[in-house]
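What follows is a short report on a single structure.
The values are calculated or read from the model by the stated rules, or taken from the named source; none is laboratory data. Everything quoted here is computed from the prediction, not taken from an experiment. Note: ideal-geometry Cβ built from the backbone for every residue, glycine included; neighbour counts use all protein chains shown.
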Amino acid sequence: MLELQNICYRVSTPEGEQDILKNVSITIPDHKLVVFTGPNGGGKTTLAKAIMGLVPATGGQILWNGQDITKLSITERAKLGISYGFQQPPRFKGLRVRDLLALASGNRNLSRDECCSYLNRVGLCAADYVDREMDTSLSGGEVKRIEIATILARPSGLLIFDEPEAGIDLWSFAKLTETFRLLQSKGKNTILVISHQERIIDLADEIVMLSNGQIARHGTKEEIMPNILADTGGVCSFLQPGGNNCRQSKEG
């Protein structure tokens, strides 16, 4: 179980101190798919990074399975079974896709067929990618899907995906939603997804709407979805592909 207790994140700017996260508290039950959504600049990505340890919370506590991980490093959190997918994944020149999958899985003898299986699950023709290098010859969307495949290969209890739909085509997006649906049905992982896509939000067991660094709403899909649609109706719908909410800020 993931517990966030009064999580704060404050940064210094030329204009003074700015609060990106303001006393965010929530408990995420085991084996649920929870989607964090809301207007741009609401603090969604910052909160995900704080859970992974990519940014240090300036206040509050983060507990994973009862253990306080607030001060732990990224590596220590990863060893506890927490995985993170970036909006813009890094590239690794000289490293083949199959090598990266083997490293992620913890099994250096991961078979070619197993590697191909993970790639197929994110909509990639495995034979075309398994022996390619993770370099600039890959498009941003391809790198994104390969990173998601590595997360699937890693034995993790908590999977965090930051806008997994970014940069991928419609066909691959359909495969991605199938993958989330399959993970959800198996009930072995807790899955946190940051997304503006209605088809991903529709998969959620619970929806958390984050706005202005605070939880504006939290509940089941049936409880929250009508409120989201009402809030965005007739304005700039952040649920539409490529859509941006009118309320902009520096941090998502």
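Among the candidates 83, 73, which residue alone is more than 19 Å from residue 190 (Cβ to Cβ), touching a residue at least 12 places away in the same chain (Cβ under 8 Å) and among the small types (Gly, Ala, Ser)?
Every option except 73 fails the conditions.
Would you be able to say whether some residue in region 8-22 is crowded, with 16+ Cβ neighbours inside 10 Å and within 15 Å of the chain's Cα centre (by Cα)?
No, the conditions are met nowhere in region 8-22.
Being in a loop (DSSP other than H, G, I, E, B) and modelled with pLDDT of 90 or more is the filter here, so list the residues in region 63-109 that pass it.
Result: 65, 66, 69, 70, 71, 72, 73, 80, 81.
Of all residues in region 149-173, count the ones that are under 17 Å from residue 33 (Cα atoms) and of a type in the set (Gly, Ala, Ser).
Number satisfying all stated conditions: 2.
Please go through region 33-56 and pick out each residue that is of a type in the set (A, V, I, L, M) and out of contact with any Ser or Thr (no Cβ under 6 Å at 6 or more places or on another chain).
33, 34, 47, 48, 50, 51, 52, 54, 55
I need the full set of residues from region 178-206 which are in a loop (DSSP other than H, G, I, E, B) and more than 16 Å from residue 228 (Cα to Cα), in order please.
187, 188, 189
Report, ordered by the first and then the second residue, all pairs with beta carbons closer than 7 Å, sequence separation of six or more or different chains, a first member in region 122-151 that is without any contact (Cβ under 8 Å) to a residue 40 or more places away in the chain and outside any loop (DSSP other than H, G, I, E, B), and a second member that is surrounded by fewer than 20 Cβ atoms within 10 Å (Cβ to Cβ) and among the acidic types (Asp, Glu).
Short answer, once both residue conditions are applied: 141/169.
Quick one: is residue 185 out of contact with any Lys or Arg (no Cβ under 9 Å at 6 or more places or on another chain), closer than 19 Å to residue 101 by Cβ, surrounded by fewer than 23 Cβ atoms within 10 Å (Cβ to Cβ) and among the polar types (S, T, N, Q)?
no
Identify, from the list 44, 79, 71, the residue that is surrounded by 14 or more Cβ atoms within 10 Å (Cβ to Cβ) and of a type in the set (D, E, K, R).
44
For residues that are farther than 21 Å from residue 164 by Cβ, under 19 Å from the mean Cα position of the chain (by Cα) and modelled with pLDDT under 90, tally how many sit in region 195-241.
Adding up the residues that qualify gives 0.
Residue by residue through region 185-226, note down the ones that are in contact (Cβ under 8 Å) with a residue 40 or more places away in the chain and among the basic types (Lys, Arg).
188
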